[in-house]
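Structure first, then comments.
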Amino acid sequence: MPVQSTPQYITDDKGNRVSVVLPVDQYQELLDDLEDLAAVAERKGEDTLSHDEVIKQLKDSGKL
């Protein structure tokens, strides 16, 4: 389960937020999510297979 915490902000001398401090686990989770979204975007135009077709291909190849 992800750790939920309030982020801490680092501000400049005018009070503008310039950086954020997150727990490492939360930061890693965000990076993982970004990688997943990038993979989905790259594969957006690919053809899809039905579940039945995937099962058939796995059985035909001897992997299932």
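Just so you know, all these numbers are worked out from the coordinates, no wet-lab data involved. These numbers were taken from a predicted model, which means no experiment stands behind them.
At 10 °C and a viscosity of 1.306 mPa s, what translational diffusion coefficient does Stokes-Einstein give for the chain, taking Rh as the Kirkwood radius over Cα pairs? Give it in µm²/s as a whole number.
Calculated translational D: 99 µm²/s.
Suppose only helical runs count, i.e. DSSP H with n ≥ 4. What mean residue ellipticity at 222 nm does that imply for the chain under -39500 (n - 2.57) per run, divided by all residues and rounded to the nearest 500 deg cm²/dmol? Could the numbers behind the result be given before it?
Numbers: 2 runs with 29 residues, N = 64.
After summing the helix terms and dividing by residue count, I get -14500 deg cm²/dmol.
At 0.36 nm per residue, minus the direct Cα-Cα distance, what do D47 and E35 gain on full extension? Give it in nm, one decimal, please.
Details: separation 12, 0.36 × 12 = 4.32 nm, distance 2.07 nm.
My answer for the length gained is 2.2 nm.
Cα axis of helix 51-60 to longest principal axis of the chain: angle in degrees, 0 to 90, nearest 10?
For 51-60 against the chain, the angle is about 60 degrees.
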